[in-house]
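Working notes for the structure below.
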Amino acid sequence: MLERDLVIVGAGPAGMAAAVSAYEHGARDILLLERDQYLGGILNQCIHTGFGLNYFKEVLTGPEYADRFIKKVRAIDKIEVSLKSIAVHLTQDKILTFIKPGAIQKIKARALIMATGARERTREMIHIPGDRPAGVFSAGLAQKLINIEGLLPGKVAVIVGSGDIGLIMARRFILEGAKVKAVIEIQKQSRGLMRNVVQCVEDFGIPFYLSHKISRIYGKNRVERVDVVKVDENLEEIPGSKFQIECDTVLVSVGLIPENELMEMAGTPSIPGLFVCGNASKIYDLVDSATRDSEKAGKMAAEYLRNSR
Amino acid sequence: MIKNLICIECPKSCALALDIENCRVVKVSGNQCPKGEDYGKAEIENPLRILTATVLCQGLSLKMAPVRTDKPIPKAKIQEAVSEIRKMRIGRVVQSGDILARDFLGLGVNLIATRECG
C-alpha cells in the first residue's frame, strides 16, 4: 500500500493553511485532497467582502482570500494537490480510502489532518411542519446556486434564521432582482454579526422579526406561503400572533455542524497522529481565526512526524 | 442630535454614537479604531459600500466570475451599478485583481475580478 507522511482531507482555508504550515515546519511529503475541481472550498462562493481583516490586515472577498493561499500551496512542490478526490473511508490505523475519476486509492498516512469543513443544519433539524414543496433551500446552497452556477433559486424569499449566510443571502437576492419579504429569527437577538444585519438587512429595508418563527410552510408543488408566529421567553408560540407571508422560496440559515463522518467511521474519538482543524473542529465566525488555528494543526502534524521517526 | 449606529468596518461591530449638527457629524464616540470615525461620518454625509456581484463568463470553465468595486461606492448608486454589471460578459481569461471596467460609471472606482477565471 502507498504510504504518505501527511495526508490532508479538504483544501478549503483550513486544509490549505495546514498544508503550508506543515511544510514550513518540516513536512516534506504532503498530499492535499480536495473533492471539488478547484482549491478554496466554501470561500469560492463567498463573494462578499469581510475576509482577511485580521490575518492580512486588508478587506478581501472569499475568492481573494482563497487565492492568497492557493498561490502559496501551488508554489510548494512538496505539496501534491489531488482534485476531484473524495475521501470515503478511514480506519484507526490511518488508512484512508478516496475516490477520484477512474480510480479508488488506499493510502496509509503517517499523519492525517481532517479539514473537512461543516454542513448546514436543515429544515428537518428545526422541525417546521407543513407541506414539502420545492423552494426550501439551505442558505449556503442558494449561495452556491447564485454565485457559482448563476441560477436564481426564487423570486420572493423569506429567510428563516439570522445566521451570517442567511443575512448575506438576503442582500444577494435583492441585488439579483428578487424580493426578500422577511428575516425571521426565533431568538431575541441576531445569530449573525451585527455588521451583516446593518449592511444586508437594514440597508435594504427588509423586515427583521426577532422572537418569531415560521410555524408552517404551505405549497403544492412550489412554496406558496408561510405562517409566522411570535414566540415567548420559552420560545413557545404566543396565541393570536399568527400572520402569513406569501413567498415562493424559504431559505434556512440556522447554523452549521462540523463534518466528521470519516472519524466516526474510524470508530474511535482519538487517533494518534490525526489532527482536526477549521470548521470540522468547531464552527468559526471568521476565516482568519480558522486559518490561524489550522496553521497550528499543520505545525503539530509536522512535529508528530518528526518525533515518530 | 445624537444618532446611534453600528460600525460595519470589521466584525467587532462597535456601537457608535454620532453627534450631529446641521447634517454634519461633529463627534464620533464608541469606536475602537480610526475606521469607526470615518465610517460614522460617511454614513451620515455620504454612505458608501463596496459592491460585490458576479459576471457571466462565456467560453470559460467557470460560469460566473465574482467581481467587486476596488473602493466603496455611494449606496445610492448600487442598483445602477448592479444593472450595469448584469449586462457585462467576460470572454477572456482573467486573473484575480484584473480591472474589468475602469472608472466604473464615472464613480472613480474600478470594477475588478476577484477570482482567476480560465
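Bear in mind that the values in this text are calculations on the coordinates, not laboratory data. Since the structure is predicted, the reported quantities are computational estimates derived from the model, not experimental observations. Cβ atoms come from the backbone with ideal geometry, glycine included; neighbour counts cover every protein chain shown.
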Dipole of the protein assembly as shown [Lys/Arg +1, Asp/Glu -1 at C-beta], most positive-end residue of A:Q92, A:V158, B:I20: A:Q92
C-alpha long axis of helix A:287-307 to longest principal axis of chain A, angle in °: 20
Tensor-based shape of region A:51-167 (alpha-carbon gyration tensor, a/c under 1.5 rounded, otherwise prolate or oblate): oblate
Tensor-based shape of region A:9-86 (alpha-carbon gyration tensor, a/c under 1.5 rounded, otherwise prolate or oblate): oblate
Fewest-first sequence of A:L32, B:L60 by Cβ atoms within 10 Å of each Cβ: B:L60, A:L32
Helix-derived mean residue ellipticity, 222 nm - over chain B, DSSP H n ≥ 4, -39500 (n - 2.57), to 500: -5500 deg cm²/dmol
Total charge dipole magnitude, the protein assembly as shown, about the Cα centre, Cβ charges on Lys, Arg, Asp, Glu only, Debye to nearest 20: 680
Kirkwood hydrodynamic radius of region A:121-252, from inverse mean 1/r over distinct Cα pairs, in Å: 14.6
For region B:2-45, size of Cβ-based charge dipole, Lys and Arg +1, Asp and Glu -1, in debye: 100
Among A:C200, A:S190, A:L286 - extreme Cα towards positive end, dipole of chain A, charges at beta-carbon: A:L286
GNM flexibility winner over chain A from A:G15, A:G50, A:G240 (Cα, springs under 10 Å): A:G240
Dmax and Rg, reported as Rg then Dmax, of chain B (C-alpha, Å): 17.6, 56
Region B:52-113: relative contact order as a whole-number percent, Cα under 8 Å and 6+ apart: 38
Under-5 Å amide H pairs with B:T54, H placed in peptide plane, nonlocal only: B:V67
Choice from B:K12, B:K77, B:K41 with maximal GNM fluctuation in chain B (Cα, 10 Å cutoff): B:K12
Chain A, relative contact order in percent, only Cα pairs under 8 angstrom and at least six apart counted: 25
In region A:108-140, the trypsin sites (Lys or Arg not before Pro) that fall in loop regions by DSSP, at most 10 other Cβ within 10 Å: none
Using alpha carbons only: equivalent-ellipsoid semi-axes of region A:176-216, gyration tensor based, whole Å: 18, 15, 7
Crossing angle, helix B:34-45 versus chain B [Cα axis fit, 0-90 degrees, rounded to tens]: 90
Span from the region A:246-309 Cα centroid across to the region A:135-154 one, whole angstrom: 25
10 Å Cβ neighbours from other chains, averaged over peptide B:6-14: 6
Reach of B:K71 by Cα under 18 Å, taken over lysines that are not fewer than 8 positions away in the same chain: A:K57, B:K35, B:K41
Cut-off under 5 Å, modelled amide H: who pairs with A:V88 long-range: A:T97, A:F98, A:I99
Partner chain coverage, peptide A:191-202 - average Cβ within 10 angstrom: 4
Dipole magnitude (debye, nearest 20) for region A:121-252, charges at Cβ of Lys, Arg, Asp, Glu: 220
Helical mean residue ellipticity (222 nm; -39500 (n - 2.57) per DSSP H run of 4+; nearest 500) of chain A: -7500 deg cm²/dmol
Ranked list, fewest to most other Cβ atoms within 10 Å of each Cβ, for A:E202, A:E236: A:E236, A:E202
Lysine pairs with alpha-carbon atoms under 23 Å apart, region A:83-233, spacing 8 or more or separate chains: 25
A:I95/A:Q37 FRET efficiency (R0 30 Å; Cβ-Cβ; nearest 0.05): 0.70
Percentage relative contact order, region A:1-149, counting C-alpha pairs under 8 Å, at least six apart: 29
Amide N of region A:18-52 lying under 15 Å from the label point, which is placed 7 angstrom from the Cα of B:L100 along Cα→Cβ: A:45-49
Region A:123-200: C-alpha gyration tensor shape, a/c 1.5 cut-off, then a/b vs b/c: oblate
Nearest 10 degrees, 0 to 90: helix A:62-75 Cα axis against chain A principal axis: 10
Exposure proxy ranking, count of Cβ atoms within 10 Å, fewest first, for B:M64, B:M1, A:M169: B:M1, B:M64, A:M169
Radius 15 Å from Cβ of B:E84, net charge of other residues (Lys, Arg +1; Asp, Glu -1): +3
4 °C / 1.567 mPa s Stokes-Einstein diffusion coefficient of chain A, Kirkwood radius on C-alpha pairs, µm²/s: 63
Alpha carbon centroid spacing (whole Å) that separates region A:1-53 from region A:193-239: 37
Residue among A:V252, A:V59, A:V201 with the largest mean-square fluctuation in a Gaussian network model of chain A, springs linking Cα atoms under 10 Å: A:V59
